[in-house]
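Peer 1: I have a structure I would like to understand better, so I am pasting it below and will then ask my questions one at a time.
The values are calculated or read from the model by the stated rules, or taken from the named source; none is laboratory data. Please read all numbers here as calculations on a predicted model, not as lab measurements. Glycine also receives a Cβ, built like all others from the backbone with ideal geometry; neighbour counts cover every protein chain displayed.
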C-alpha cells in the first residue's frame, strides 16, 4: 500500500506493449529454432510479413503448419464447421450473446455522426464508412466471444461493407465454438482459420483467398501487436494494446465485497493485468483486504490473481477524493471505476481514462460484456490520446468545400497573398485566374 | 537519434542541431525578441490575410465540435475531452509554410488543447522564417522551439529538460521525420504518415480549361513527386487544357518542378462517362478530389474515398490549402480509404460512460454472468453475481 499521489506515481510503472526484448528466453529460443540462429523477434515478424505478402495462401499454410501444427485444406472455415459450432452453443448462451449484441448495437447507433452541409457557407463534412475490416481473435484460452461482438458490431453499425474474422487453428483442435457463434450473431461475413503474424499479413496485403482489408482490429500477443504496427500505413489498425488496467476509486460508502470482487475480476485476466484501489478511507482498505483473501481462495484462477495483485496491484490511500481523481488522471488507466456516493458529480473532473464506470451497479465487468460501449479500450497510458473503440474508428470524415462565387470573391485575395508569401506562384495563379475571370464578367 | 535524445535531453538535441544543421543553439526555445521581430517584419496585408484565414478555419472547426451526451435512463453516455499537450512540426527551408501552422494549430486550439507548441529547425545562422513565426502567434501557439528533424520528434515524444513531452505530434516532414513519427507512435499519438501530395481533377465539358490547367499546375509545383491527374469524359477539354498548360507553365518560376511532376506523376484519363470517372477516383482514393462539373453537389454522394472534396469551379483546392476552413492536412497515398483530414476529432478523446441503475443492472446481469462463464472467467462472473445476490437479499427483506 502506498500513500499519496507522488508515491503512487513512483510505484506504478508503465509496461511497453511492444517490448519484444523482454520476452522470456524460451520464446527467444523458439524464434531462433524456427527462423535461424540470428533471428530476433522483430526480424521474425518482418520475415513472416514479407513471406505472406509474396507467397499468399501457400505462405500462410506453411506457417500454420510450422507454428501451429495445423494442416489447412482451406483458409476459410468450412460452412459445416460454422453450423456445427452454432448447434453446439447452448441456447441460454446464445440468448445472452444476443442480448449483449442488442445493447452494443443500440449504444453505437446513438453515437453515429451524420453528414452536415452549410450551403450558404459552402462547407460541410460527409461521413463514409470503411469498406472492409479484418478482426483478429486470438486462440487458446484467450478466445473471447465478447471481443468478437465488441469489435464487429461497431464496424457493422458504422456501415462497413465487409467484416471478416481471423482466428488460429491449433493442430487438430476445433475452433472455439462460442467465438464462431458470436461471429454469426455479430454479422461477420467470413471467418478465416489463420492466426498470429501470418494472419495480420494476410489481412494487410491480401492473399488469393483473403482480400486485403482497410483496417485490422483486435488483440493479440506481442508478436501480433508488433506486426500490426509494422503494417500500419498499408492498413489502419485499432491500436497497440498492452495488459489490461483498472483503477477503482472508492470512498467509505463503497461495499468492500464489491470492491474485492472487482479487483479480482481484473486480476484474473493474466499476471500482467493491473488492479489498483485508490481510496480516502483506511477502513475500506482493511475490509477490502479481508474480503480479497476470502474471495481469492475460492477462485480457480487464484494463482493468476495472486501474481497480478502482487506484481501490478496497488492500494493507494489518499487524503481526499480530489487527490484520488488526480492519481487516476495521471495514470490514465484503461478503466476507471468510481464506487462513491454521487459518482456523476465527479465525472466532470475525469480527464484521462479509456472508459468510465459510475456507481456500484456499473462494475467494469458489465462494460466487458453487455452495457453497450466497446470493451476495446486504450491501455498503457494511451488514454491520454486514444479513445475506446467506437463507430468513429470505422468511419472517415470528408470535408467538403463548395464555395459560391461570392464566397470565393470574399476570400480569394487573401489566399493569393498567402500563396505569394509561401513562394507558390502556381497556387496564387489558380486563384487569380478566377478573380480575373469574375472581374471580366462584371465589367461586361 | 531518438535513443540519444531520450537519454541525453537538451544536450543531445543541441549536439544534433550542430551536427546536422550547423546550428549553435544557446537555448532550445526561440527568444521572445526574435518572435517580436518576426511579427514586426511581417507586412500588414499578409498579417490580415493570415488572420482572415485563421477566422475561417476556426469557424469551420467550431462547427464540427462534438459534445458530451448522457442518457441517464439508459445509464450510458460519452464524455469528450481534449488532449492536454500537442506538438506541431514545421519543416524549415523552402517548405516553410505558415498555412500549415494555421491548419494544425487551430483545430487543436478549437478542440480545447491546453498547450500547443511548435518545433521548427534553425539552419546555421539563418533567421527562422518570420511568416511561420507570425502564423504561430496568430494561431495561438504557446511556445516555439528552434529544433528540427528527427531530434525534434524525439524531444516532443520523450521530453527534455526544456521541452515537455506532448500527447500528439502533428505536421509534415521529410522521410526521416516521417519514419521517426512512426517509431514514436504509442509513446505519443501522431497525425499520420504523409507522402507526396495528390490531386484528381474530375471535369466535364463545362469546365473552364484555364482553371483546369491552373489547378494542375498549382498541384504540380509542390515538388516533382506531387501528382496531378485530370479525369474527363471530354476529349475536347483535354485538347484545350493541354494547350493552356504549355502557356501557363512557361510563365511560372517553378516550371522545372512542374514539368517533372506532370511528366512522372501526372496523367490525363479519358473516360466514357462521369460514373466511370467517379469510380476511378474512388479506386485511387486521392488526397484531394475536385469536381469541375455542372451540378457537382449531385455527384458528392457517390464519392467514397477522398481526403477532401472540392465542388465547383470556385472551389479550387488552393482555397482549401489556405482559407476555406477545413484543415489542409489530408491523407495521402491511398490512406483516404481509412483516414480523415485533420480535424478537432484528432485532438479529442471520447470516453464512454457506464452508469447503470439498479434496475438496468438487474436486467442485464444474468446475461453477463453467462458469458463470463463461457469465457472461463469466474472472477468476472463473481463480480456480477455478488451484486445480483445483494439485490436479491435486499428485496427479500
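Peer 1: I need every pair where a residue in the range A:171-185 that is over 22 Å from residue A:102 (Cα atoms) has its Cβ under 6 Å from the Cβ of a residue that is surrounded by fewer than 17 Cβ atoms within 10 Å (Cβ to Cβ), sequence separation at least 6 or different chains.
Peer 2: A:171/A:69
Peer 1: Can I ask one more? Of the conditions (1) crowded, with 21+ Cβ neighbours inside 10 Å; (2) free of Cβ contacts under 8 Å to residues at least 40 places away in the same chain; (3) within 12 Å of chain B (Cβ to nearest Cβ), residue A:334 clears all except one; give me its number.
Peer 2: For residue A:334, the failing item is (2).
Peer 1: Would you check if residue B:172 is crowded, with 18+ Cβ neighbours inside 10 Å, in contact with a helix residue (DSSP H, G or I) (Cβ under 8 Å, 6 or more places away or on another chain) and part of a loop (DSSP other than H, G, I, E, B)?
Peer 2: yes
Peer 1: Could you say whether any residue in the range B:357-366 is touching a helix residue (DSSP H, G or I) at 6+ places or on another chain (Cβ under 6 Å), buried (at least 22 other Cβ atoms within 10 Å of the Cβ) and closer than 30 Å to residue B:391 by Cβ?
Peer 2: Looking for residues that are touching a helix residue (DSSP H, G or I) at 6+ places or on another chain (Cβ under 6 Å), buried (at least 22 other Cβ atoms within 10 Å of the Cβ) and closer than 30 Å to residue B:391 by Cβ, one finds at least one in the range B:357-366, hence yes.
Peer 1: Is one or more of the residues making up the range A:287-310 more than 11 Å from chain B (Cβ to nearest Cβ), in contact with a helix residue (DSSP H, G or I) (Cβ under 9 Å, 6 or more places away or on another chain), assigned to a loop (DSSP other than H, G, I, E, B) and modelled with pLDDT under 95?
Peer 2: No, the range A:287-310 has no match at all.
Peer 1: Answer with yes or no whether residue B:190 is under 24 Å from residue B:288 (Cα atoms), touching a helix residue (DSSP H, G or I) at 6+ places or on another chain (Cβ under 7 Å), within 14 Å of chain A (Cβ to nearest Cβ) and free of Cβ contacts under 8 Å to residues at least 24 places away in the same chain.
Peer 2: In short, yes.
Peer 1: Can you tell me which of A:428, A:414 is more than 7 Å from every other protein chain (Cβ to nearest Cβ) and in a helix (DSSP H, G or I)?
Peer 2: On the way: A:414 fails: more than 7 Å from every other protein chain (Cβ to nearest Cβ).
Result of the check over A:428, A:414: A:428.
Peer 1: Out of everything in the range A:379-403 that is at pLDDT below 95 and not in a helix (DSSP H, G or I), what residue ends up being nearest to residue A:145 (Cα to Cα)?
Peer 2: Applying the filter and picking the extreme gives A:379.
Peer 1: Condition first: within 11 Å of chain B (Cβ to nearest Cβ) and either part of a loop (DSSP other than H, G, I, E, B) or free of Cβ contacts under 8 Å to residues at least 12 places away in the same chain (or both). Now tell me which residues in the range A:271-286 satisfy that.
Peer 2: The one that is within 11 Å of chain B (Cβ to nearest Cβ) and either part of a loop (DSSP other than H, G, I, E, B) or free of Cβ contacts under 8 Å to residues at least 12 places away in the same chain (or both): A:273.
Peer 1: Here's something else I'd like to know. Among (1) more than 9 Å from chain B (Cβ to nearest Cβ); (2) under 23 Å from residue B:358 (Cα atoms), where does residue A:365 come up short?
Peer 2: The failed condition is (1).
Peer 1: Just to verify a result, which residue in the range A:206-234, among those that are at pLDDT below 95 and facing chain B (nearest Cβ under 10 Å), is nearest to the chain's Cα centre (by Cα)?
Peer 2: Here the residue is A:225.
Peer 1: Okay, moving on. What pairs can you find where one residue is in the range A:229-242 and over 15 Å from residue B:187 (Cα atoms), the other is at pLDDT below 95 and part of a helix (DSSP H, G or I), and their Cβ atoms are less than 6 Å apart, with a gap of 6+ or different chains?
Peer 2: A:237/A:228
Peer 1: Give just the number: which of (1) more than 30 Å from residue B:75 (Cα to Cα); (2) at the interface with chain B (Cβ under 9 Å from one of its Cβ atoms); (3) part of a loop (DSSP other than H, G, I, E, B) does residue A:141 not satisfy?
Peer 2: (3)
Peer 1: Taking the options B:319, B:330, B:351, name whichever one is in a helix (DSSP H, G or I) and touching a strand residue (DSSP E or B) at 6+ places or on another chain (Cβ under 7 Å).
Peer 2: Matching residue, one of B:319, B:330, B:351: B:319.
Peer 1: Only one of these conditions is not met by residue B:165: (1) free of Cβ contacts under 8 Å to residues at least 60 places away in the same chain; (2) surrounded by fewer than 22 Cβ atoms within 10 Å (Cβ to Cβ). Which number is it?
Peer 2: Of everything listed in (1) free of Cβ contacts under 8 Å to residues at least 60 places away in the same chain; (2) surrounded by fewer than 22 Cβ atoms within 10 Å (Cβ to Cβ), residue B:165 misses just condition (1).
Peer 1: Of all residues in the range B:93-135, which are surrounded by 20 or more Cβ atoms within 10 Å (Cβ to Cβ) and not in a helix (DSSP H, G or I)?
Peer 2: Residues satisfying the conditions are B:96, B:97, B:113, B:116, B:117, B:118, B:119, B:120, B:121, B:122, B:128, B:129.
Peer 1: While we're looking at this one, here's another question. Filter the range B:250-267 for residues that are closer than 14 Å to residue B:219 by Cα, in a helix (DSSP H, G or I) and within 14 Å of another protein chain (Cβ to nearest Cβ) and give the result.
Peer 2: B:255, B:256, B:257, B:258, B:259, B:260, B:261, B:262
Peer 1: Return yes when residue A:247 is touching a strand residue (DSSP E or B) at 6+ places or on another chain (Cβ under 9 Å), under 24 Å from residue A:354 (Cα atoms) and more than 13 Å from chain B (Cβ to nearest Cβ) and no when it is not.
Peer 2: yes
Peer 1: Being within 12 Å of chain B (Cβ to nearest Cβ), at pLDDT 95 or above, in contact with a helix residue (DSSP H, G or I) (Cβ under 9 Å, 6 or more places away or on another chain) and not in a helix (DSSP H, G or I): is that true of residue A:164 here?
Peer 2: no
Peer 1: Here is a follow-up. Given the options A:342, A:352, name the one that is at the interface with chain B (Cβ under 10 Å from one of its Cβ atoms) and surrounded by fewer than 24 Cβ atoms within 10 Å (Cβ to Cβ). Let's see the steps before the verdict.
Peer 2: Values: A:342 fails: at the interface with chain B (Cβ under 10 Å from one of its Cβ atoms).
Just one listed residue meets the conditions, A:352.
Peer 1: Another question, if that's okay. Sort through B:79, B:28 and tell me the only one that's under 18 Å from residue B:145 (Cβ atoms), touching a strand residue (DSSP E or B) at 6+ places or on another chain (Cβ under 8 Å) and at pLDDT 95 or above.
Peer 2: Selected residue: B:28, the only one of B:79, B:28 that is under 18 Å from residue B:145 (Cβ atoms), touching a strand residue (DSSP E or B) at 6+ places or on another chain (Cβ under 8 Å) and at pLDDT 95 or above.
Peer 1: Within the range B:3-24, is even one residue closer than 30 Å to residue A:428 by Cα, part of a helix (DSSP H, G or I) and touching a helix residue (DSSP H, G or I) at 6+ places or on another chain (Cβ under 6 Å)?
Peer 2: For the range B:3-24, residues closer than 30 Å to residue A:428 by Cα, part of a helix (DSSP H, G or I) and touching a helix residue (DSSP H, G or I) at 6+ places or on another chain (Cβ under 6 Å): absent.
Peer 1: Hey, any hits in the range A:71-91 for a residue that's surrounded by 15 or more Cβ atoms within 10 Å (Cβ to Cβ) and within 11 Å of chain B (Cβ to nearest Cβ)?
Peer 2: yes
Peer 1: Can residue A:391 be described as more than 8 Å from chain B (Cβ to nearest Cβ), within 30 Å of residue A:121 (Cα to Cα) and buried (at least 24 other Cβ atoms within 10 Å of the Cβ)?
Peer 2: In short, yes.
Peer 1: Would you please name the residue that is surrounded by the fewest Cβ atoms within 10 Å (Cβ to Cβ), looking only at residues in the range B:223-244 that are part of a helix (DSSP H, G or I) and touching a strand residue (DSSP E or B) at 6+ places or on another chain (Cβ under 9 Å)? Can you show your working first?
Peer 2: Within the range B:223-244, the first condition is being part of a helix (DSSP H, G or I), and the residues that meet it are B:235-244.
Imposing the further condition that a residue be touching a strand residue (DSSP E or B) at 6+ places or on another chain (Cβ under 9 Å) reduces the set to B:235, B:237-238, B:241-242.
On the way: B:235: 9, B:237: 22, B:238: 17, B:241: 25, B:242: 13.
In this case the residue turns out to be B:235.
Peer 1: Mind listing whichever residues of the range A:103-119 are without any contact (Cβ under 8 Å) to a residue 40 or more places away in the chain and more than 10 Å from chain B (Cβ to nearest Cβ)?
Peer 2: Hit for the range A:103-119 is A:114, nothing else.
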